[in-house]
Amino acid sequence: MAESPSFANARKFSSTGGGAASSTIGRFELRKILGQGAQSVVWLAFDPRMEREVAISLCGQGRAAPDDVAIKQWLQEARSVGR
């Protein structure tokens with residue numbers, strides 16, 4: 001399975017150690033990895049539209065495609081954290 005450009009950019013950024021070069025996903029500028037779990041990697045990112053830092057969870061980065069149960073759990077967690 002081919003890796004999406006967003007995940008490839010995130011991997012490139014993480015391998016540089018979060019140096020001066022930045023990577024983006026959509027409008028978000030990835031800054032550094034905050035944590036990793038079994039199903040996702042959480043990044044500190046900057047949202048220029050809202051002019052604030054945000055956390056972005058990339059599900060399945062560098063892993064096999066998540067199944068329906070994993071996606072449901074991930075969405076539940078995202079909604080909970082978003083409150």
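The values are calculated or read from the model by the stated rules, or taken from the named source; none is laboratory data. Quick caveat: nothing in here was measured; it's all calculated off a predicted structure. Cβ coordinates were reconstructed from backbone atoms using ideal geometry, including for glycine residues, and neighbour counts include every protein chain displayed.
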* Take the residues of the range 53-70 that are under 16 Å from VAL42 (Cα atoms) and at pLDDT 80 or above: which is farthest from the chain's Cα centre (by Cα)? -> GLU53
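Output yes when any residue across the range 17-26 is at pLDDT 75 or above, among the hydroxyl-bearing types (Ser, Thr, Tyr) and more than 27 Å from LYS72 (Cβ to Cβ), and no when none is. So that I can check it myself, show each step before the final result.
Kept after step one, since they are at pLDDT 75 or above, are these residues of the range 17-26: 23-26.
Checking which are among the hydroxyl-bearing types (Ser, Thr, Tyr) leaves us with 23-24.
Then drop every residue that is not more than 27 Å from LYS72 (Cβ to Cβ), which leaves 23-24.
For the range 17-26, residues at pLDDT 75 or above, among the hydroxyl-bearing types (Ser, Thr, Tyr) and more than 27 Å from LYS72 (Cβ to Cβ): present.
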* Could you please let me know if ALA2 is surrounded by 11 or more Cβ atoms within 10 Å (Cβ to Cβ), at pLDDT below 60, more than 28 Å from ARG83 (Cα to Cα) and out of contact with any Leu (no Cβ under 7 Å at 6 or more places or on another chain)? => no
* Structure fact -> VAL81 fails exactly one of (1) modelled with pLDDT under 85; (2) surrounded by 11 or more Cβ atoms within 10 Å (Cβ to Cβ); (3) of a type in the set (Val, Ile, Thr), namely (2)
* Structure fact -> Only unsatisfied item for PHE7, checking (1) surrounded by fewer than 16 Cβ atoms within 10 Å (Cβ to Cβ); (2) at pLDDT below 65, is (1)
